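Reviewing the structure listed below.
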């Protein structure tokens, strides 16, 4: 009974968003309010509050849990989202996004490879840098401008925007998950790398399957060629992403892995695509050849290039810089009532790196500092509903964790599924992403639940997963992030972005029906990988 009461906030969020089609921010506000009521009046009678709070008033636990959630939402989650969208808005303002688009279009004469470049390559870079729908909206708009049908463009961009989702917005979903699972509430660099690496391992088959699906959707007649490209591109991408996750952390796998995939596609094009003429049969639109010099290219890519540069030099790849930043201007204080610690590095967080790259790149592209600051303010204003949503969801997650509600749900799920729980772990992440539209929010909602379930199942030891050693709890928690990609395919928010980009208002249901088989397949594959990795080592 206590587990059923504890799950009310999650079910309410689902019902409000799916059943009554209430907007995300309104649903989040209502759900947080209901969670507070449950915490104050239902939780005390259920006897599920952790023992460490035995001497603490339930009013104190509730108040300070909400405060903790608001702090964690703002620093750094909201900062990263605002600065990431700000960086994309700069490119739109300076029109340099058009240069980037044109360069992609002129890279190959093969239709399948062009679609893969735009959706898997450019889309992956955009997801890694900014997230928040840019990886669907921009490639879909380009595909339509090249003559592809709107429904095809919408569906294929949604299918492509999967593997990179867990590392979108400079690794924010994976970082959030690691912090949720960490015993201290703030993951160490080693824990960040371990969780990121496990996510890559769990997604490993999809690095080959997804490119093949994209190529086959574009051209069903060239199966052998599609297999060869998928194997070549997938291999290059997964090697780079694994190395980034293992040695650096969750900030760069999607970015550098997508860049590696683009390079692999260009190499394949030069080596194996025989017909270099752009004909109507090979290319969906005749594009007048434009030549961009190094100066123009560097200017167009300055924003993203500088962001990658700052992220790299501030990461573990440059230990002296990383150590200096991690120990300078760090805000840390105890939330004494609930015994938790809040810690935020003003110089070491990814949000600052995105801000610096965006501003310097914007100056290079000809914008004044005053114009950039105005754009930043406008970006933040436009994201106010998103800010409310995230603040409420993080506060709700902290409240559910601190009052024992999350722990109680986990116990109920473990009792229901038993030893088969690892197979269903990615499904939980998919549900969270489907409901909230965000892998980050899904990890906020269910990351701690996965770790608690691992503890209840006795999965707290060191193990080996497909040849990589690590903690069993982190392996199961990583399933939440890996599974979130399946939910992204069906998320109403993602589909709304696709319909807007493709001018298909009112066809959300049609798109969802077409992406449903891919989502089901994705979730099943994730469940299988998590289960096998745990039991086969």
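Some points to look at:
- Within the range 485-537, if we keep just the residues that are in contact with a helix residue (DSSP H, G or I) (Cβ under 7 Å, 6 or more places away or on another chain) and not in a helix (DSSP H, G or I), the residue that is farthest from residue 454 (Cα to Cα) turns out to be 503.
- Qualifying residue in the range 56-76 (condition: part of a loop (DSSP other than H, G, I, E, B) and touching a residue at least 60 places away in the same chain (Cβ under 8 Å)): yes
- Scanning the range 221-249 for residues that are buried (at least 19 other Cβ atoms within 10 Å of the Cβ) and over 22 Å from the mean Cα position of the chain (by Cα) gives 226, 229, 230, 232.
Quick grid of which residues meet (1) buried (at least 24 other Cβ atoms within 10 Å of the Cβ); (2) under 25 Å from residue 354 (Cα atoms); (3) touching a residue at least 40 places away in the same chain (Cβ under 8 Å); (4) touching a strand residue (DSSP E or B) at 6+ places or on another chain (Cβ under 6 Å):
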site	(1), (2), (3), (4)
123	yes, yes, yes, no
144	no, no, yes, no
149	no, no, no, no
154	yes, no, yes, no
175	yes, yes, yes, no
180	yes, yes, yes, no
188	no, yes, no, no
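- Selection status of residue 458, surrounded by fewer than 22 Cβ atoms within 10 Å (Cβ to Cβ) and either outside any strand (DSSP E or B) or over 17 Å from the mean Cα position of the chain (by Cα) (or both): yes
- Restricting 170, 159 to those that are closer than 23 Å to residue 205 by Cα and surrounded by fewer than 24 Cβ atoms within 10 Å (Cβ to Cβ) reduces the list to 159.
- When each of 218, 197, 210 is tested for being touching a strand residue (DSSP E or B) at 6+ places or on another chain (Cβ under 9 Å), under 21 Å from residue 522 (Cα atoms), at pLDDT 90 or above and surrounded by 19 or more Cβ atoms within 10 Å (Cβ to Cβ), the lone residue that passes is 197.
- Among the residues listed as 54, 73, the single one being within 20 Å of the chain's Cα centre (by Cα) and farther than 30 Å from residue 141 by Cα: 73
- Scan the range 323-336 for residues that are modelled with pLDDT under 90 and crowded, with 18+ Cβ neighbours inside 10 Å and the total you get is 0.
- Being within 30 Å of residue 134 (Cβ to Cβ) and touching a residue at least 60 places away in the same chain (Cβ under 8 Å) is a description that applies to residue 436.
- Among residues of the range 353-370, those that are surrounded by fewer than 21 Cβ atoms within 10 Å (Cβ to Cβ) and either in contact with a helix residue (DSSP H, G or I) (Cβ under 9 Å, 6 or more places away or on another chain) or assigned to a loop (DSSP other than H, G, I, E, B) (or both), counted: 9
- Residue count, the range 35-55 (criterion: surrounded by fewer than 16 Cβ atoms within 10 Å (Cβ to Cβ) and in a helix (DSSP H, G or I)): 7
The values are calculated or read from the model by the stated rules, or taken from the named source; none is laboratory data. Bear in mind the structure is a predicted one, so any value in this text is a computation, not a measurement. Virtual Cβ from ideal backbone geometry, glycine too; neighbours counted across all protein chains shown.
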